[in-house]
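Structure first, then comments.
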Amino acid sequence: MVDIARPDLPVARRRRQLVIGGAALLGLAVIAIAVSRLQPAAPVVERASVWIDTVKRGPLVREVRGTGTLVPEDLRWIPAAAEGRVDRIRLHPGARVEPDTVILDLSNPDLDQQVRDATLAVRTAEATLSNRRADLDSSLLATEAAVAQIESDAREARLDADADQQLRERGLTSAITSRTKKARADNLEHRLKLERERLELQRRSLASQLAIQEADVARQRAALDQATRRRDALQVRAGVAGVLQQVAVELGARVGPGANLARVVDPARLKAELRIPETQAKDVQLGQRAAIDTRNGVVSGRVARIDPAATGGTVAVDVVLDGELPRGARPDLTIDGTIELERLGDVVFVGRPGLGEEGGTIQLFRLDTTGHARRVPVTLGRMSANAVEIRAGLNPGDQVILSDMSQWDGVERVRVK
């Protein structure tokens, strides 16, 4: 067998090798480009560890919440009327009291002495008044007796003058004698008139002459009454019906006038004092409805007062309760309160995320059908205690992660497993 020489075989083989090599290089380049464009694997988030909520559309009740305590509407502090030492505490907090119920006893020997001194001063003033009245009565009687005597003398003198005048007309007596008797009768009648005027003046001035002594008696009696009241006030009484909530002093303590000794409240009339975060309190208004949870029941009420100043990042809001108090409700009981701000008819809303302010824009992770959640900007609207209005960025039916995702700030998407 004879081999036939083929001069074109090496060229074809080299051509085929070049094509295969070029195709291999092109494939490697394509693979390199594809690998360079691959995104890093999304971090995995456990579904049970995050709060996922669905965006809804419909009515939304805007509410704010706060914690607080029940406080009495009618509260009375009982002050000390005088200085004293606490000798006895008769009742302790929780006791039911009436207006005349004695809560504790004070002692003050100085007040006892003041009452004794005031009693003696009253007796002295009354004795002085009695003596002055007796002197004036005696003087008045003497004047009345003098008037009576002059009246009798004037009557006799007038009778004698009239009789002498008749004799004078008959010529049985002299003219001088008749004129003398008439003059005496006229003089006595004039004196009688003056004495009667003096008697009337003396009677009218009787009250004014006694006024000084009577005023002194009244002043001494007022001092005695004041001292007696201060001494009696050493028995500290409730003054109102209710429940003794606090005794602010200890046995043996010395207290001054005006010091608060005890506090009495009416347990049937309580109100809720809520502390609302200052960022949410701007929409709270008087008259808004509220629900107070005492943990033994819920009672309705309305906003009655809003503190004009914020303290510690919260605003105090008083809620007057309308319904019957649940069992176990008492002053200083810790409560939760919800205030209804307004009712929105048809809005897009979702559960309230941990971050974000009303009208602001935040980043939320929205879930897709592949099990991944991608970061999207969301514009928030009006807020409620547990929900927020969505103005842009989400649609009804979308599912979003509302938990704090700050640990994934550097990624655009996560895989929810």
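The values are calculated or read from the model by the stated rules, or taken from the named source; none is laboratory data. Note that the structure is predicted; figures quoted are calculated from it, not measured. Every residue, glycine as well, gets a Cβ built from its backbone with ideal geometry; the counts of neighbours run over all protein chains shown. The area values use the complete protein model at the heavy-atom level, side chains included, leaving out ligands, DNA and RNA. Shrake-Rupley method; radii C 1.70, N 1.55, O 1.52, S 1.80 Å.
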Does region 310-323 contain any residue that is buried (at least 16 other Cβ atoms within 10 Å of the Cβ) and assigned to a loop (DSSP other than H, G, I, E, B)? no
Using beta carbons and a limit of 8 Å, which pairs, at least six apart or on different chains, have the first residue in region 43-67 and farther than 30 Å from GLU273 by Cα and hydroxyl-bearing (Ser, Thr, Tyr) and the second one in a strand (DSSP E or B) and open to solvent by 50 Å² or more (accessible area, probe 1.4 Å)? THR54/GLN399
When the residues of region 49-59 are narrowed to those that are modelled with pLDDT of 90 or more and not β-branched (Val, Ile, Thr), which ends up least open to solvent (accessible area, probe 1.4 Å)? GLY58
If I ask for residues that are over 16 Å from TRP51 (Cα atoms) and of a type outside the set (A, V, I, L, M, F, W, C), which ones from region 384-412 would you list? SER384, GLU389, ARG391, GLY393, ASN395, PRO396, ASP409, GLY410, GLU412
Scan region 247-268 residue by residue and report those that are assigned to a strand (DSSP E or B), open to solvent by less than 60 Å² (accessible area, probe 1.4 Å) and either charged (D, E, K, R) or at pLDDT below 90 (or both). ARG263, VAL265
Looking at LYS271, LYS282, which is the one that is open to solvent by 40 Å² or more (accessible area, probe 1.4 Å), more than 22 Å from PRO99 (Cα to Cα) and free of Cβ contacts under 8 Å to residues at least 40 places away in the same chain? LYS282
Quick check on ALA154: is it open to solvent by less than 20 Å² (accessible area, probe 1.4 Å) and either small (Gly, Ala, Ser) or out of contact with any strand residue (DSSP E or B) (no Cβ under 8 Å at 6 or more places or on another chain) (or both)? yes
Go through region 180-214 residue by residue and tally those that are outside any helix (DSSP H, G or I) and of a type in the set (Asp, Glu). 0
Could you pull out every one of the strands (runs of 3 or more DSSP E) wholly within region 60-113 that has 1 or more residues that are among the hydrophobic types (A, V, I, L, M, F, W, C) and exposed (fewer than 15 other Cβ atoms within 10 Å of the Cβ)? 75-79, 102-107
Restricting to region 379-393, name every residue that is part of a strand (DSSP E or B) and open to solvent by 60 Å² or more (accessible area, probe 1.4 Å). ARG382, ARG391
Only listed residue being open to solvent by less than 70 Å² (accessible area, probe 1.4 Å) and free of Cβ contacts under 8 Å to residues at least 40 places away in the same chain, chosen from GLY239, GLY171: GLY171
Every residue from region 349-358 that is modelled with pLDDT of 90 or more and open to solvent by 20 Å² or more (accessible area, probe 1.4 Å): PHE349
Search result, residues across region 194-209 that are without any contact (Cβ under 8 Å) to a residue 24 or more places away in the chain and either under 12 Å from SER139 (Cα atoms) or among the hydroxyl-bearing types (Ser, Thr, Tyr) (or both): SER205, SER208
Based on this model, can you work out whether ALA125 counts as open to solvent by less than 20 Å² (accessible area, probe 1.4 Å), in contact with a helix residue (DSSP H, G or I) (Cβ under 7 Å, 6 or more places away or on another chain) and within 26 Å of ALA215 (Cα to Cα)? yes
Go through region 359-378 and give me each residue that's among the charged types (D, E, K, R) and open to solvent by less than 80 Å² (accessible area, probe 1.4 Å). ASP368, ARG375
